[in-house]
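Notes follow once the structure below has been shown.
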Amino acid sequence: MPYADSDPTGDRSPIPVAIKILVAGGFGVGKTTLVSAVSEVRPLRTEEEMSEPSSLVDQLEGVERKTTTTVAMDFGRISISDDLVVYLFGTPGQKRFWFMWDELAYGALGAVVMADTRRLADCFPSIDYFERNGMPFVVAVNCFDDARRYPSETMRSALNLTDDVPLLLCDARQRSSSRDVLVALVEHAVARLSSGQHVTPAR
Amino acid sequence: MRLLRYCRSRASVADLAADLDLPLGVVRILLADLRERGLVTIYQPVASGLNDVRILKEVADALRRL
């Protein structure tokens, strides 16, 4: 994403490599909880404008003309080192937010699609989207206390997942569990890379 | 102006919005104005990490230590 600096002659350190990870899924599935569980910064849940995802990848020109429908988005950050930072963006998976996905997905490493077994269909649009774009993704089934558990084969088949897409059970409230989901996604991306499938911007 | 103070060191636009508690779209417009006056420099992100197995493994290892 773009970086701003008021003193062009001052800080000469390299611009950090920014790894962007999306957290998608239906309303109330636990995206905010997952981002909050692993983020080092105050978990941000702000009302944002529809044009804002483009700021992650776009130049700043012309933003004045963008529409300003308000949606909620989660933002989290994990600093790996001085020159490597992971950004998490939780984005609504409902169809009415479709318009923002392309901009948000641009340049992303991959996505975590969160699912709730009580409302499995809510994550279908997200899965379709990432499948179409060829973006690496994992499905994380958030195990709500009062939700029925199903064997992973049953869920795989209900979601029509291909064998290569990892499916995990998680408890988004637990830092370790949310962390494991992110690790699985990065490992999945590495595995795809090693098999010759490059991550390409989703456009 | 608070935004300029935060911009003294390099910061991502998303981080600035979080620090200032302003919508990202607002921060983008403010930054565009500041850039017009030559007060900030906008850098494009380094995107090469996505296809670099070494970097991705570093990310995975670091996440495991969380």
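The values are calculated or read from the model by the stated rules, or taken from the named source; none is laboratory data. Keep in mind it's a predicted model, so treat the numbers as computed, not measured. Methodologically, a virtual Cβ is constructed for each residue, glycine included, from the backbone with ideal geometry; neighbour enumeration extends over all protein chains shown.
Among the helices (runs of 4 or more DSSP H) confined wholly to segment B:4-66, which include 2 or more residues that are facing chain A (nearest Cβ under 7 Å) and within 18 Å of A:Ala189 (Cα to Cα)?
Because the criterion is at least 2 residues that are facing chain A (nearest Cβ under 7 Å) and within 18 Å of A:Ala189 (Cα to Cα), the helices (runs of 4 or more DSSP H) in segment B:4-66 that meet it are B:53-64.
Count, please, the residues in segment A:172-196 that happen to be surrounded by fewer than 18 Cβ atoms within 10 Å (Cβ to Cβ) and more than 14 Å from chain B (Cβ to nearest Cβ).
1
Out of curiosity, is A:Arg118 within 14 Å of chain B (Cβ to nearest Cβ) and surrounded by fewer than 22 Cβ atoms within 10 Å (Cβ to Cβ)?
It is false that A:Arg118 is within 14 Å of chain B (Cβ to nearest Cβ) and surrounded by fewer than 22 Cβ atoms within 10 Å (Cβ to Cβ).
Against the condition surrounded by 15 or more Cβ atoms within 10 Å (Cβ to Cβ) and in a loop (DSSP other than H, G, I, E, B), how does A:Met135 come out, does it pass?
The answer is yes for A:Met135.
Need at least 1 residues that are at pLDDT below 70 per element, so show me which strands (runs of 3 or more DSSP E) inside segment A:1-56 make the cut, counting only ones lying wholly within it.
A:3-5, A:44-49
When residues of segment A:138-170 are filtered for being out of contact with any Cys (no Cβ under 9 Å at 6 or more places or on another chain) and part of a helix (DSSP H, G or I), how many remain?
7
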